[in-house]
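The values are calculated or read from the model by the stated rules, or taken from the named source; none is laboratory data. This is a predicted model, so every value here is computed, not measured. Quick reminder, even Gly has a Cβ in these numbers, built from the backbone with ideal geometry, and neighbours come from all protein chains shown.
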Amino acid sequence: MVYSGLGLSAMALPALVFGQDKGPIKIGVLIPLTGATSQFGMTMGKAASLAVQEINDAGGVLGRKVEIVIEDDQSNPEAAVRAVRKLIDVDKVVAVCGSYASAVTSAVAPLCWESKTVLLTSSGADSITKLPHQGYIFRTSPTVTLQGTRVGNFAVELAAKNVFFLGPQTPFAQSYIDIIGRIVAKNGGKCSGLIYEDKKTSYRSEVDQALKNNPDAIILGGYVPDTAVVLKDLYKAGYSGKRLGFSFGVNQKLVEGVQKEVLEGTYSLVPSAAVSSRAYANLIAKMKLDALDSYSCQVYDHVNLVALALANANAVSGTAVRDSIHLFSHPISGAPVAVNSFQDGVKLLASKKSVTYLGASGPCEFEENGDVKGVYFRYEQIRAGKIVTVKVA
């Protein structure tokens, strides 16, 4: 389905009035509206729609209206491939934004770089930016290495000495075991792991196997559906040690679907939005929310980055987006001016100024391999059926 902005605002610059003889610039948005990773899908779509509305209210890009074409990846790599083929071959998008689950991103990435279509992703698997993507992949989410390191350090901070990882087969499961294991071992402890088959109705045998190791902390590496089952089985088994998960498995959707006594005390590591930024304040105000997850903030930033890149390049193509985004991160000369919106950025670009985009998810500056340079994390714990922030770092 196609979502587009609502037109020019009264404050739009006359020079940026939409061209009458050119069609809209289309940007693809691939998000999980259904399936195991769908907890953020709806807000990701709304954030992307708001971004394109703001872009069009500011006059569009190069005198042309912008449209987003939203496709549901169904939390499934095969469905995602079909969706991206449509976005590239039928809709002729210049970029694909969103792309949440690592397995989905890994599946669609070759389609993007082979067609010279930029892929902006919120996936974390280290392998993604190690692919031969020729500069067409940009990641705004922290890598598995960084997330695993933070969770390992947090387990040590919680005085865990015997850690066990339980998670489904994903592109990052073994990496988590290796990373956390090294950190715990360095601090005098040990770490074991078990990678299980997902979508099971019971994980009691896996839980019993984990508990044979007498762990004082269990790392939960799954998405919401299987994490819910694992936690219930841990509760039934009488496990009283620490439980630590990630935001893709331990979040508000989990809290709403599982009894509070089962979840009590469970920790979660959450990639955090830039909650003190102007872009974040603007986004949650317009979406009429008190707070918003990092992934929805990231897709909002993805759409803005594509629009700014096209305006900076004065051209409309995936290659123009790729090259221009790198210019934001590595300006040829002069210090870039920090901007929090497309409207501010496009004015400066029209004046031949260099800009850097400080988005709702954080500073959108990238390494040469496409990984974002700076990220924020929030550490949370479930207490009495509510998610409480422990610290932000």
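Here's the yes/no breakdown for (1) under 16 Å from Pro271 (Cα atoms); (2) outside the structural domain of Gly148 (by TED's automatic domain parsing):
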position: Val339; (1), (2): no, yes
position: Asp344; (1), (2): no, yes
position: Leu349; (1), (2): no, yes
position: Lys352; (1), (2): no, yes
position: Glu365; (1), (2): no, yes
position: Gly370; (1), (2): no, yes
position: Glu380; (1), (2): yes, no
position: Arg383; (1), (2): no, no
position: Lys386; (1), (2): no, no
Condition broken by Ala228, with the remaining ones in (1) buried (at least 22 other Cβ atoms within 10 Å of the Cβ); (2) modelled with pLDDT of 95 or more satisfied:
(1)
Selected residue (only one of Ala10, Ala58, Ala36, Ala51 is at pLDDT below 95 and farther than 25 Å from Pro171 by Cβ):
Ala10
Which one of Val151, Val84, Val108 is of a type outside the set (D, E, K, R) and either over 30 Å from Val52 (Cα atoms) or surrounded by fewer than 17 Cβ atoms within 10 Å (Cβ to Cβ) (or both)?
Val151
Can we say Asp126 is at pLDDT 95 or above and surrounded by fewer than 24 Cβ atoms within 10 Å (Cβ to Cβ)?
no
Please give the number of the condition Val81 fails out of (1) modelled with pLDDT of 95 or more; (2) within 29 Å of Asn282 (Cβ to Cβ).
(2)
Taking into account only those residues within the range 154-171 that are among the hydrophobic types (A, V, I, L, M, F, W, C) and farther than 19 Å from Gln209 by Cβ, which is surrounded by the most Cβ atoms within 10 Å (Cβ to Cβ)?
Ala155
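For Val144, are the conditions met, namely being modelled with pLDDT of 95 or more, buried (at least 16 other Cβ atoms within 10 Å of the Cβ) and not aromatic (Phe, Trp, Tyr)?
no
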Checking Lys236 against (1) in contact with a Lys or Arg (Cβ under 7 Å, 6 or more places away or on another chain); (2) modelled with pLDDT of 95 or more; (3) farther than 30 Å from Val346 by Cβ; (4) not aromatic (Phe, Trp, Tyr), the condition it does not meet:
(1)
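Yes/no matrix, rows are residues, columns are (1) at pLDDT 85 or above; (2) crowded, with 20+ Cβ neighbours inside 10 Å:
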residue	(1), (2)
Leu327	no, no
Val337	yes, no
Gly345	yes, yes
Leu348	yes, no
Glu368	yes, no
Ala384	yes, no
The range 223-288: helices (runs of 4 or more DSSP H) wholly inside it with 3 or more residues that are in the same structural domain as Thr43 (by TED's automatic domain parsing) are 278-286
Report, by residue number, each residue of the range 353-371 that is touching a helix residue (DSSP H, G or I) at 6+ places or on another chain (Cβ under 9 Å) and part of a strand (DSSP E or B).
Val355, Thr356, Tyr357, Leu358, Phe366, Asp371
